Amino acid sequence: MRAFSKYHRVRPPEDKSLIIFVAENLSECSAWEEEKRLISLYGRIDRKTGCLRNLTDGGEGPSGRIPYNKGKRGLHHQSAEWVLRHSEMMKEKWSNPLFKENYSAKMTGRKGHPRTEQWRQRQADAIRGRIASKETRQKQSESLKAAYAAGHHKRGHSEETRTKIRAAAVRQINRGAPPRKELPCHGCGIMLCARERSKRHSCGATNRY
């Protein structure tokens, strides 16, 4: 019986004599009506109208239940001005080195999803052979063109990153491993690694070897 069950959100009191049956031998519809009457009479804690822990107004279904977000509108319902303010606030927060350091210290040691070989294989099988629709490719193309035109898209590696790549190649040679092959850019002559050659370079040249 629900009144004595220990497997619900609200558990019964240790002293079972405190449990009082306010009505007995009711039909299901009559029980719903009585439940709604008592909840309306005594009030609910979540609505600050009384002492009951019920999350609905009683009766059949979730009538009167307060959403998990207390009725707040989600991000996709916010105005463009709010989204812009929120974006600027997050950019300012992440530009603070102290915030980054504290966040890194908090996240260090946390274990995420175990990426086993079976999990990697499932991910690869799900992605392999997937072809984007013509509309999706057109949207991606227009987005990249706009980013390049505005100068927001990162074009190639920085000089510091290229120096690190060359240093890593030297270490590989010293260990006896085959070095990564670098070839000059067709446009400006800068030495590019394989990953850089697969993209359009900052000088505008498309390198195909």
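The values are calculated or read from the model by the stated rules, or taken from the named source; none is laboratory data. Just so it is clear, the model here is predicted, and its values are computed rather than measured. No Cβ is skipped: glycine too gets one built from the backbone with ideal geometry, and neighbour counts run over all protein chains shown.
Yes/no per residue for (1) part of a loop (DSSP other than H, G, I, E, B); (2) at pLDDT below 85:
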| residue | (1), (2) |
| --- | --- |
| A3 | no, yes |
| K6 | yes, yes |
| S30 | no, no |
| E33 | no, no |
| G58 | yes, yes |
| K70 | yes, yes |
Quick check on the range 123-169: of everything there that is surrounded by 11 or more Cβ atoms within 10 Å (Cβ to Cβ) and among the β-branched types (V, I, T), which residue is modelled with the highest pLDDT? T163
